[in-house]
Amino acid sequence: MRKLPILLCLALPLFADEPRLTFDNRPMGSIAKPLVLRSYLPDPGLEDSVFSQHDHARKVSKYNPGLGSDVPGEIQPVPGLAAAIGVNFGPSLSYVFDTTECRLLYTWQGGFVDMTPYWGDPDKGSRVSFDYVPRLVGTLFWQASGPDPIELDGKSIQQLGPRVFTGYRLENDTPIFEFATGSTRFTLSITPSNKPLSCDLTLTSSSAAALSWRGIDSPPATGKLTVTLVGSDLSKFQGYQRDNKITTASAAAGETLFNQYGCAACHSIDGSKSHGPSVGKLAGHPVEIEGLDQPVLADRAYLLESIKAPNAKIVKGYPPNYMPPFGLPEAEYDSLILYIQSLDKPE
Amino acid sequence: MTSLFLKLGVIGILATQTLYAVKFNDCYRIEDIKLPAGAPPEVGAIDIASDGTLFIVLRRGDVFRAKPTRDPAAFDWQLFASGFDNGCGLDIVSPTKIRITQMAEMTEAEDSDGDGSADRFTRFAHGWGLSGNYHETNALTRDGKGGYFIAVGTASFSGPTFKHTLGTFSDAGRRGRNYSAVKWKGWVLHSDAHGKITPWASGFRMANGIYQDPRGELWAGDNQGDWKAITPLYHVEKGKFYGHPNSLVWDPAFTKSKDPLAYYRSRLDEYNRDRTPPAVEMPHMEINRSAGEPMEIPIGSHFAGQMILPDNNGERVTRLMLEEIEGVWQGACTHLIDGRGLRSGNHRARFTADGKQLFLGQTVRGWGIPAEGLQRVTFLGPVPFDIDRIRITRDGFKVSFTHPIPDSLKDAQVWKLSSCTYQPKWTYGSEPENHREHAVRIASSDEKSLTLKVDGLASGRVFRIHFPKCDSPDGSPLQNNLAFYTVNRIPITKPD
């Protein structure tokens, strides 16, 4: 761990020299202490050729867990990076290095990532995920395309065979990635540059062949190459923007919210069992409640209470203290109720 | 506060030596361990180094360590490493070197320059895929030979896959509720000491915790759900299939169908022949809703040699009384602790070297109310009045207790035994079937135990054993009056 000067330490909170991951959905490192974050990471629109060492997922038929079989409809795979590492030096530089492709995938400035979709909305307890891919914050200035840009004697290392990630080390807290193709070992470090929309690359190779980075003119180098990757303003990202903008309640809006708030993870809509009771064929029907002799009618008041204060009435056979209370705008409550009520009608 | 605990401990020890009643609080102390300020305490995994240092991995990526102190609020947590994706398996190789199973790989993190934090992050084992689904976390246990067993979780239909996957994508594996779209989801893998992996056993839905006991037996739990009728504990053996079909898309020896989910859905009899049933089935409402990491209770505590199974979805820890009958493992379950200040989210467990303290790592995220953090259970010394063991006989069960039992328990009328079967299938959990009540006779009894002759004892059934709450003659209240015994095999012994 890098030691800060004593005087500076005294002036900071005790854990300031240990930049830990906190409830802050926009974690940031600094030039002195870059942040390394492994998580699912966004794919800002990388071309297919970049994924030569990945497989392609395919769409799948919608599955009904109550029937145990497929039903009409399809689920499409979504963009995202499964095994990449995000690194942030504060506002000056962020990048994504992929451990599957063993290459730099994209670089940006002005922010890092917004983890809200995965880490959860602080207003709702900071734990409830609604999707699992963070959103970028800042200006994207470079992204990978075509074959691997690292070249030996003018030939992309992609032609030499599979690239295999072996790990990384921290030097002055800056990661240096290590990978190999065959018996040739490589390292790559990416650091902030003084030039705008740029970063510096330091590449090493165990090969005696001439080392170059496709598209960047540089003097011939063997063993070690340092170049500046100059990009341009490709697009801007503002992180996760939650604005449901629901002014008029509707069942359709309710369906969106039902998935967005993660309700679907525990409550089926077809009557099948899950962590929580199904909301299918619920509205207008009697519900057996723990501790009550008589069933309760699942009317609007019941549904509203169950969202606002889930512990007030626990459905028989299900655990208490399981669902968090949801504090939502009135139009969102109404939309969710309309959606649940719509599930009572025959299709 | 500390001195008060000390006094209570002394009183507790005295209690075992006299005939005073022993209550729960004389036997166990449950404390919340204060974790580093500002960090969401989603504990993915815990382990204890040889020098007693406790390491925890938080799911957002940080690894902290501290020497446990008597004061649960005084642990001096230091950041050891960061940058892990959902680390849910942790092994402390040495106080300066750790290994973590994260989503995409198993990584070794080492402090090579002795400055107190890791600077080398080396891929140790890899070879399983990652589809982009949030559910694909992994757990580990040591194999005793420098390698590991790694339990690889399946994906959930509540989340998608990415367009580009790490590892080969299988259309058939992707189908269904919990799925295995990429390699080794739903498998237990073996990694040798060099990180080379070999598939070991299939059919898991979410073995959130795997454990090799001191005798080398391998155990893994699972979560009630599709193809898991209730909460199971499996004795894991190489080459066996434990019931969740999707993982079979990666088994070259499974040649019956390219779509194992569809195949077994319509062939449950064949499915039952092909699968290895759990050693213990735990009714999810009464005992355990979601199995965490199994762990043997070490010498130093009462119930030593028995196993605990944290409940990831209940404020409780299950106690398992296992026995091997003619080569088949089975046994009984009841609670070690139910409530009493325990949080939910229990999924990782480590005992201290002296066996007197148990750390429980807790996390629930993504849905539900957060139940998370780190708790410490101290076994204070006195032994509670509890079920000690339940063993099967050729025609019933021998139930022994930790304290002398009152005469009221020696009346067969108070023993209520029933049994049922469970058929795992595509549904989320399965209802009990073939319910039976069983007449009971007391075949024999002594000061601390009873042998029950059970009319209709049969294998393939889970027996519910219930009797009234009572006190021991020394006044100690009984902790548990409900247990379930999974009968896979009835011992064949010569008639008396």
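The values are calculated or read from the model by the stated rules, or taken from the named source; none is laboratory data. Since the structure is predicted, the reported quantities are computational estimates derived from the model, not experimental observations. Cβ atoms come from the backbone with ideal geometry, glycine included; neighbour counts cover every protein chain shown. Please note that ligands, DNA and RNA were not included when accessible areas were found on the heavy atoms of the full protein model with its side chains. Shrake-Rupley method; radii C 1.70, N 1.55, O 1.52, S 1.80 Å.
Quick rundown of the values:
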read-out: Cα-only Debye scattering, region A:17-238: base-10 log of I(q)/I(0) at q = 0.10, 0.12, 0.14 Å⁻¹; value: -0.50, -0.70, -0.91
read-out: Neighbour-limited loop hits for chymotrypsin sites (Phe, Trp or Tyr not before Pro), region A:90-192 (at most 16 other Cβ within 10 Å; DSSP other than H, G, I, E, B); value: none
read-out: Lys/Arg +1, Asp/Glu -1 at C-beta; region A:251-342 dipole; positive extreme among A:Tyr302, A:Cys263, A:Gly276; value: A:Gly276
read-out: Part-to-part distance (alpha-carbon centres) for region B:22-95 and region A:140-176, which is given in Å; value: 36
read-out: Extension gain from B:Thr393 to B:Ile492, taking 0.36 nm per residue of separation minus the Cα-Cα distance; value: 34.8 nm
read-out: Positive-pole candidate from B:Tyr242, B:Ala262, B:Ala220, dipole of region B:182-272, charges at beta carbon; value: B:Ala262
read-out: Reduced Cα scattering model of the protein assembly as shown, Debye log10 I(q)/I(0), q = 0.07, 0.08, 0.09 Å⁻¹; value: -0.56, -0.74, -0.93
read-out: As computed over region A:251-342, the Cα convex hull volume per residue (Å³); value: 86
read-out: Segment A:Lys224-A:Gln76, length gained on full extension (0.36 nm per residue, minus Cα span); value: 49.0 nm
read-out: Around B:Phe55: net Lys/Arg minus Asp/Glu count, Cβ-Cβ under 9 Å; value: 0
read-out: Efficiency of FRET between A:Ala32 and B:Thr198 - r from beta-carbon atoms, R0 60 angstrom, step 0.05; value: 0.85
read-out: Alpha carbon centroid spacing (whole Å) that separates region B:368-419 from region B:261-286; value: 28
read-out: For B:Gln212, residues with placed amide H under 5 Å, excluding near neighbours; value: B:Arg142, B:Trp219
read-out: Dmax and Rg, reported as Rg then Dmax, of region B:267-332 (C-alpha, Å); value: 14.1, 48
read-out: Residue-count net charge about B:Pro283 - beta-carbon cut-off 10 Å; Lys, Arg +1, Asp, Glu -1; value: 0
read-out: Cross-link pairs B:Lys97/B:Lys238; A:Lys316/B:Lys448; A:Lys59/B:Lys196; B:Lys145/B:Lys240; A:Lys155/B:Lys183 - those with Cα-Cα distance over 26 Å; value: B:Lys97/B:Lys238; A:Lys316/B:Lys448; A:Lys59/B:Lys196; A:Lys155/B:Lys183
read-out: For chain B: rounded, prolate or oblate by the Cα gyration tensor [a/c cutoff 1.5]; value: oblate
read-out: Region A:285-347 and region B:288-324: distance between their alpha carbon centers, rounded to Å; value: 35
read-out: Within 10 Å of each Cβ in B:324-335, the average number of Cβ atoms from other chains; value: 0
read-out: B:Ile325 long-range amide H proximity, modeled H, under 5 Å; value: B:Gln330
read-out: Point-to-point label distance, A:His56-B:Glu433, nm (Cα→Cβ direction, 7 Å offset); value: 4.2
read-out: Whole-Hz couplings from phi, Karplus 6.51/-1.76/1.60, listed for region B:162-175; x for Gly and Pro; value: 7, 5, 10, 10, 6, x, 4, 9, 10, 5, 5, x, 6, 6
read-out: Area of B:Ile299 that stays accessible when all protein chains are in place (1.4 Å probe, Å², to 10); value: 150
read-out: Shape of region A:161-201, Cα gyration tensor, a/c cut at 1.5; value: oblate
read-out: Alpha-carbon Rg/Rh ratio, for region B:388-487, with Rh computed the Kirkwood way; value: 1.02
read-out: Debye, to nearest 20: dipole size of chain B, +1 on Lys, Arg Cβ, -1 on Asp, Glu Cβ; value: 940
read-out: Whole-number accessible area per residue in Å² for the protein assembly as shown, which is evaluated in the context of all protein chains at 1.4 Å; value: 39
read-out: Selection from A:Pro220, A:Leu338, B:Phe467, by position along the positive dipole direction of the protein assembly as shown (Cβ); value: B:Phe467
read-out: Region A:17-238: relative contact order as a whole-number percent, Cα under 8 Å and 6+ apart; value: 17
read-out: Size of charge dipole - region A:181-333 - debye, nearest 20, with Cβ of Lys, Arg +1 and Asp, Glu -1, no other charges; value: 600
read-out: For A:Ser207, distant residues with modelled amide H under 5 Å away; value: A:Arg185
read-out: Using alpha-carbon coordinates, inclination of helix A:330-342 to the longest axis of chain A, degrees; value: 70
read-out: Dipole magnitude of region B:388-487, debye to nearest 20 (Cβ charges: Lys/Arg +1, Asp/Glu -1, about Cα centre); value: 360
read-out: Fraction of beta bridges assigned by DSSP in the protein assembly as shown that are antiparallel (%, nearest 5); value: 100
read-out: Three-way shape call for region B:349-403 based on the alpha-carbon gyration tensor, with the a/c threshold at 1.5; value: oblate
read-out: Sites A:Ser156 and A:Asp24 - FRET efficiency at Förster radius 35 Å, r taken between beta-carbons, to 0.05; value: 0.35
read-out: Chain A, helix-only ellipticity at 222 nm - DSSP H runs n ≥ 4, -39,500 (n - 2.57), divided by all residues, nearest 500; value: -3500 deg cm²/dmol
read-out: Cut-off 14 Å between beta-carbons: net charge of the residues surrounding A:Gly276, Lys and Arg +1, Asp and Glu -1; value: +2
read-out: Reduced Cα scattering model of region A:161-289, Debye log10 I(q)/I(0), q = 0.10, 0.12 Å⁻¹; value: -0.65, -0.70
read-out: FRET efficiency, 1/(1 + (r/R0)^6) with R0 25 Å, evaluated for B:Val414 and B:Asn25 via beta carbons; value: 0.40
